[in-house]
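Q: Have a look at this one before I ask anything.
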Amino acid sequence: MNAIRSKVSRRTFLKASAVTGGGLLLSFSLPQLAGATTGPAEATLNAYVRIAADGIVTIAAKNPEVGQGIKTALPMIIAEELDVDWKNVRIEMAAVDAEKYGAQTAGGSTSIPRNWDNLRRVGAAGRQMLVSAAAKTLKVPEGELTTADGNVSHAASNRTLSYGALAATAATLPVPDLKTVALKDPANFKIIGQRTEDIDAPKIVTGQPLYGIDVTMPGMLYAVFEKCAVFGGTVARANLDDVKSMPGVRHAFIIPGTLVPGEVNLGGGLSGGVAIVADTWWRAKIARGKLRVDWNLPPTASQSSVGYAARAAELAKQKPEMSVRVDGDVDAAFKGAAKVVEASYSYPFLAHAPMEPQNATAHFKDGKVEIWVPTQAPGGGRTQAAKALGMSEKDITVYMTRGGGGFGRRLTSEFMTEAAWISREVGTPVKLLWTREDDMRHDAYRPGGFHNFKAGLDANGKLIALRDHFVSYGSDGKFANSANLSNDIFPAEFVPNLDYGASLIPLGTPTGPMRAPRSNGLAMVFQSFLDEIAHAAGRDPLEFHLDLLREHRATSPTPLPFDAARMTTALKTVAEVAGWGKRELPKGTGLGLAYYFSHSGYVAHVAEVTVTPDVPLSVNSVKVNKVWVAADVGQHIVNPSGAENQVQGAVLDGIGQILGQEITIAHGGTVESNFDTYPLLRMRQAPPVEVHFILSQNSPTGLGEPALPPTLPAVANAIFAASGKRLRDVPLNKSMHGSASA
């Protein structure tokens, strides 16, 4: 980031120039949105607008598209303020260029909040230049001109000029100050807030090439890469000659990797293994079946999920190794409590499991490499590749393709490095494609965790004390990636006596962020236990939570990033639309309530679940009938179609997780290898998801993540309401092995 700051001034600027055919090219460089919830305040953001003489406007989308709809949404913001007709807009992916664009990432639901104000000003500046060009051409004051649908009009003389006709003139005019350009009154928005088809939808449904897996180029060969099943293992020897004799195989060689022997690849290095390159991917895969490798196994080969659980049980009986947050006097509060509730919860490792396995196409030539890749972090991937290959980042060009899902997995882009290394070795363009088994067994997993809760209630059923001893993963007082518990987790500051502590288990399994990192696990256990507390107090969960949200008390100099009023509105809204307490439900059917603040979004769910009576509780005896969602993500929903899609997808992801998804570790490696053992949600299991957006007076935020965390506890709490069975260990098929209890 320092290199970026040194080359882009902190003052906003815009450049304009004429392009072939008499059009206009607007190049914008903007500082990071002030007050953004993530990222440095001075990170640069660039957008490019190209206006052709025929009035067609081409807008570049700067951030990776992995199904979250941002390739459509960001250009919509520019197009709105530019005041063009959406049907005349074309969209193309921007180049990967940190000096122009700053960080180009898809993660943390940050694309909208980081770009909202900046891209509005991009469009407004272009509109102002076109108005100035029209004033010059028509010889009238700018104040007498109006814009609409890609035209500038002068009502007094009944004259209209198209943007295409004005583009060449506009390119010669002074650039406006982006800080002072006039923005539209949102009441006049024509594009923002309208249901808009994903720009790639026609190509997706007709099977046209869009994804990294679709990339082809002349002379391209195909590669597979065999890595040790035990994380951190390295190659001792392999039968390379046997593999090279297979039909179509051009190369087979050992890649030593860049990691210290036994080191787990956490995203910054290259794991050792064997590359096989053939004239077709299938031939490479078949040859891989003949490969025999002797591996040097690291000490972590003894680790397992069974061992983790046993160690977690031991640590739960001890004092936490570290304190995360302490408010009041929890022990004294427990002694004076009218009722004490205790329960232990757990959640497993999870794989990201995107539909498109990891892949990259690389062409190394003359000391430089080009990479075509579906990634969520093209800049970070380029940095990783440059370090591993001993190259300058300036000699690596990355082209973003659409990604077939990401969910955080493509933030770690080691497959870029692998493809570049293989291409350098063989001297031709190479497409590296992981198998589904590769993708499942070499993930950076959502870490599991174990929570040991204790709560104290007063005589009125009010929560007066809460303790959580969180057993997670890490070492030397440092949590593994995405395995931490921060001091602001709700209900911090809503309970007078609170104690969050943690203990760590050493881990050889790579972990990383997954859709709604940390929140996706923490919401399950905290919201489930709060529901358990409500029932123990003999109170309706809705009333219990509304009372709890009234109990805010600031206990630290820095206020927590949580607005109880916004969450209360979301909670009341979802309860109303779901008919909470107003509907007669048949026996075996129950409603569950949950809510969570995640990635700046306030989201509340109600799930309706039917549990088959007099049948052992299992995945087959549980049916999620419907889920209602109320979400407050700010004042504007840029694309309601895309936003609704994100919420519905997040809910279905969450249902799949609670029903049957789990990664288990044995002998230092992953047991599950494909969808037969890691079941995704089936269509017959997918319920309708009714979405309600609450338009509050707050800046718009992202939606890829905040709707997922409340899903799991809402379903779990509904199962309890329907059956009296409390899920304390997920997924459901695991919990039914004996850890569910009333």
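Q: Among 466, 485, 130, which comes first, then next, by fewest other beta-carbon atoms within 10 Å?
A: 485, 466, 130
Q: Ok, one more. Mind ordering 388-396, 676-684, 411-419, 694-702 by average Cβ neighbours within 10 Å, highest first?
A: The most tightly packed comes first, giving 411-419, 694-702, 388-396, 676-684.
Q: If the only charges are +1 at each Lys and Arg Cβ and -1 at each Asp and Glu Cβ, what is the size of the charge dipole of segment 187-256 around the Cα centre, to the nearest 20 debye?
A: The dipole of segment 187-256 has a size of about 100 debye.
Q: Still on this structure, I have one more. Compute the convex hull volume of the Cα atoms of the chain, divide it by the residue count, and report the result per residue in Å³ as a whole number.
A: 173
Q: All other residues with a Cβ under 15 Å from the Cβ of residue 628 taken together, and with Lys, Arg as +1 and Asp, Glu as -1, what is their net charge?
A: Once positives and negatives cancel, what remains is -1.
Q: If I take every Cα pair under 8 Å that is 6 or more residues apart in the chain, average their sequence separation and divide by the length, what percent do I get for the relative contact order?
A: So the answer I get is 13 percent.
Q: Describe numerically, in nm with one decimal, the distance between label points set 7 Å from Cα along Cα→Cβ at residue 577 and at residue 236.
A: Going by the 7 Å Cα→Cβ label model, 5.9 nm.
Q: On to the next question. Quick one: which of 603-609, 273-279, 170-176 comes out on top by average Cβ neighbours within 10 Å, and what's the full order, highest first?
A: Taking the mean over residues of other Cβ atoms within 10 Å, the ranking is 603-609, 273-279, 170-176.
Q: Sort 614-623, 325-334, 532-541 for me by packing, meaning the mean count of neighbouring Cβ atoms within 10 Å per residue, highest on top.
A: The peptides rank, most packed first, as 532-541, 325-334, 614-623.
Q: Which shape class applies to segment 473-517: rounded if a/c is under 1.5, otherwise prolate when a/b exceeds b/c and oblate if not, where a ≥ b ≥ c are the square roots of the Cα gyration tensor eigenvalues?
A: Since a/c reaches 1.5 but b/c is at least a/b, the shape of segment 473-517 is classed as oblate.
Q: For segment 183-266, which trypsin sites (Lys or Arg not before Pro) are both in a DSSP coil and crowded by at most 11 other Cβ atoms within 10 Å?
A: Those satisfying the criteria are 195.
Q: What is segment 153-288 by shape, rounded, prolate or oblate, if you read a ≥ b ≥ c off the alpha carbon gyration tensor as root eigenvalues and call it rounded for a/c under 1.5, prolate for a/b larger than b/c, and oblate otherwise?
A: It is prolate, given that a/c is not under 1.5 and a/b is the larger ratio.
Q: With a sphere of radius 9 Å drawn around the Cβ of residue 106, what net charge do the other residues whose Cβ falls strictly inside it have (Lys, Arg +1; Asp, Glu -1)?
A: With Lys, Arg at +1 and Asp, Glu at -1, the net is 0.
Q: In which sequence would 282, 116 go, from the one with the fewest C-beta neighbours within 10 Å to the one with the most?
A: 282, 116
Q: For segment 572-690, list log₁₀ I(q)/I(0) at each q in 0.12, 0.16, 0.22, 0.23 Å⁻¹, using the Debye formula over Cα point scatterers of equal strength and ignoring solvent, two decimals each.
A: So the normalised log intensities are -0.56, -0.90, -1.30, -1.35.
Q: Only Lys, Arg, Asp and Glu count, each charged at its Cβ (+1, +1, -1, -1), so figure out the dipole size of the chain about its Cα centre, rounded to 20 debye.
A: The calculation lands at about 800 debye.
Q: While we're looking at this one, here's another question. For a quick check: sort 245, 153 by the number of other beta carbons within 10 angstrom, fewest at the front.
A: In order of increasing Cβ crowding within 10 Å: 245, 153.
Q: Within a Cβ distance under 9 Å of residue 720, other residues only, what is the Lys/Arg minus Asp/Glu net charge?
A: In short, 0.
Q: P(r) for segment 393-443, please, calculated from all Cα pair distances in 10 Å bins and given in %.
A: 18, 54, 26, 2
Q: What are the residues whose amide H is under 5 Å from the amide H of residue 625, where those residues sit 5 or more places off or on another chain and H is modelled from the backbone?
A: Here the answer is 608, 609, 610, since their amide H atoms fall under 5 Å of that of residue 625.
Values in this text are rule-based calculations from the coordinates and carry no lab data. Bear in mind the structure is a predicted one, so any value in this text is a computation, not a measurement. In this analysis, Cβ positions are derived from the backbone assuming ideal geometry, glycine residues included, and neighbour counts consider all displayed protein chains.
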